[in-house]
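Asker: The following block contains the structure, expressed as structure tokens.
The values are calculated or read from the model by the stated rules, or taken from the named source; none is laboratory data. Remember, predicted model here, so these are calculated numbers, not experimental data. Cβ placement follows ideal geometry from the backbone for every residue including glycine, while neighbour counts extend to all protein chains displayed. When the accessible area is computed, the model is the full protein with side chains, heavy atoms only, and any ligands, DNA or RNA have been set aside. Shrake-Rupley method; radii C 1.70, N 1.55, O 1.52, S 1.80 Å.
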Amino acid sequence: MGLFDSFKQGLTKTRDFLTAQINKVAAGIGVFDDDMLDELEMTLIQADCGITASTEAVEAIRDYIRETGDATREGVLRSLSNTLASMISEKKLQVQRGQLTIYLMIGVNGTGKTTTAAKLAQRAKNDDFRVLMAAADTFRAAAIEQLKVWGERTKTTVIAHETGSDPAAVVFDAIHAAKARSTELLIIDTAGRLHNKKNLMGELAKIRRIIDREAPDAHLETLLVIDATTGQNAIIQARAFHEVTTVTGLVVTKFDGNAKGGVAIAVARETGLPISLAGFGENAEDLRDFDRELFLKALLPES
Ligand SMILES: Nc1nc2c(ncn2[C@@H]2O[C@H](COP(=O)(O)OP(=O)(O)O)[C@@H](O)[C@H]2O)c(=O)[nH]1
Ligand SMILES: [Mg+2]
């Protein structure tokens, strides 16, 4: 399935909801008035776009109508699409041949860090890159085991220590293994214990220090994984992680589930971070580069 169709399928419920609401408000007198724009704002909030993004989008539509006198469904939708697009940036990730790139996967438990790490390994393997994974979620035995299973499935070596060991020590070993093997992509899976922010901060800071010290020339991407089905919680998580570490890109997972989709807009707007990847399932192949235009086209009603 192409990327547009994947987005379209995943976002069916949200798009149908937005379409129904927008048609409902536009059906009356054919053009949008003040009350209808208020309703549109509520609709965007209900679609998980977040209060900031929803309010700003509708403000921009009001400006557009004031300037052009065009309050038609088409005009309003075009203005909405343009404003939402301006809130989202995208950033494609690239591995460089013959150099070391490191992906540090961070995010709350259950968002899809480990699965995305495996998907990224699979993708880089498909492109004939030399790949390693590091099991730096040492908190639970099952987490290490899960990454090892993915290592077997994707034919990727996994550097792991015992349960309960220091994640930074795993990262240290993994970087040295990467150097010895001329690895081009090292993917570091981490634990997401957000309930203990101080620990998390300490852990991530220590991992960062090791990377900076042991692999100063590597290209590092710190990827924050967000579950699209978690609604406004995703914003709170993104803020918390963004506060404790420098995030360089967002991964939004579970677009195939019953995600409302607007979450991607909310988090992008709240953090100002670019979205790099979108997850569409539980298999190693279910990962795509995020595409803002296709995402918005799939999310919004047809004009
Ligand atoms: N439907 C769907 N499930 C996903 C996706 N990404 C991850 N999952 C599932 O979400 C659950 C948690 O994923 P996991 O990678 O273990 O999350 P972690 O705790 O952040 O490492 C697992 O059951 C995954 O199979 C996705 O894009 N779509
Ligand atoms: Mg995990």
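Asker: At residue 232 and residue 68, where each label point lies 7 Å from the Cα along Cα→Cβ, what is the point-to-point distance in nanometres?
Answerer: Placing both labels 7 Å along Cα→Cβ, they lie 3.1 nm apart.
Asker: Give 92/179; 8/254; 148/198 a once-over and call out the pairs whose C-alpha atoms are over 18 Å from each other.
Answerer: Violating the 18 Å limit, Cα to Cα: 92/179; 148/198.
Asker: Angle, helix 34-46 long axis vs. longest principal axis of the chain, Cα atoms, 0 to 90°, nearest 10?
Answerer: Approximately 20 degrees, to the nearest 10.
Asker: Using a 1.4 angstrom probe on heavy atoms only, work out the carbon and sulfur share of the accessible area of the chain in %.
Answerer: On the way: 6230 of 13060 Å².
Here it works out to 48 percent.
Asker: From the P(r) of the stretch 129-229, can you give the percent of Cα pairs sitting at distances over 17 Å? Mind showing how you got there, number by number?
Answerer: Working: 2608 of 5050 pairs.
Of the Cα pairs, 52 percent sit more than 17 Å apart.
Asker: If each of residue 35 and residue 4 carries a label point 7 Å out from its Cα toward its Cβ, how far apart are those two points in nm?
Answerer: Label-label distance for residue 35 and residue 4, simple model: 3.8 nm.
Asker: Between residue 46 and residue 126, what is the label-point separation in nm under the 7 Å Cα-to-beta-carbon projection?
Answerer: Distance between the two pseudo-spin positions: 3.8 nm.
Asker: Find the relative contact order for the stretch 101-247 and round it to a whole percent, using C-alpha pairs within less than 8 Å whose residues are 6+ positions apart.
Answerer: Result for the stretch 101-247 is 36 percent.
Asker: When only alpha-carbon atoms count, how far does the stretch 157-284 stretch along each of its three principal axes, as whole angstroms with the largest first?
Answerer: Projected onto the principal axes, the Cα atoms of the stretch 157-284 cover 44, 33, 29 Å.
Asker: Does anyone have the angle between helix 51-68 and the longest principal axis of the chain? Alpha-carbon axes, 0 to 90°, nearest 10?
Answerer: 40 degrees
Asker: By how many degrees, between 0 and 90 and to the nearest 10, does the Cα long axis of helix 167-180 differ from the longest principal axis of the chain?
Answerer: Once rounded, the angle reads 70 degrees.
Asker: Still on this structure, I have one more. Kindly provide the GluC sites (Glu not before Pro) of the stretch 116-222 that DSSP labels as loop, not H, G, I, E or B, and whose Cβ sees at most 14 other Cβ atoms within 10 Å. List each step's numbers first, then the result.
Answerer: Numbers: sites: 145, 152, 162, 184, 203, 214, 221; in loops: 162, 184.
When the GluC sites (Glu not before Pro) of the stretch 116-222 are filtered for loop state and at most 14 Cβ neighbours within 10 Å, 162 remain.
Asker: Sticking with this one: Quick check: residue separation of residue 82 and residue 97 times 0.36 nm, minus the Cα distance between them. What number comes out in nm? Could the numbers behind the result be given before it?
Answerer: Details: separation 15, 0.36 × 15 = 5.40 nm, distance 3.63 nm.
Value of the extension gain: 1.8 nm.
Asker: Okay, moving on. Anyone know which of 94, 46, 21 comes out most mobile in the 10 Å Cα GNM of the chain?
Answerer: Looking only at 94, 46, 21, the biggest GNM fluctuation is shown by 94.
Asker: Can you give me the long-range amide H partners of residue 225? Hydrogens built in the peptide plane at 1.01 Å from N, cutoff under 5 Å, separation of 5 or more residues or another chain.
Answerer: 106, 107, 251
Asker: Over the stretch 101-247, give the accessible area per residue in Å² for a 1.4 Å probe, as an integer. Display every interim value, and only then the final one.
Answerer: On the way: 6040 Å² over 147 residues.
Accessible area per residue, the stretch 101-247: 41 Å².
Asker: Give me the tail of P(r) for the chain as a percent: Cα-Cα pairs with distance above 38 Å.
Answerer: Above the 38 Å cut-off, the chain has 20 percent of its Cα pairs.
Asker: Moving on. Label point 7 Å out from residue 12 along Cα-to-Cβ: which residues of the stretch 254-270 have amide N under 13 Å?
Answerer: Hits in the stretch 254-270 for residue 12 at 13 Å: 256-259.
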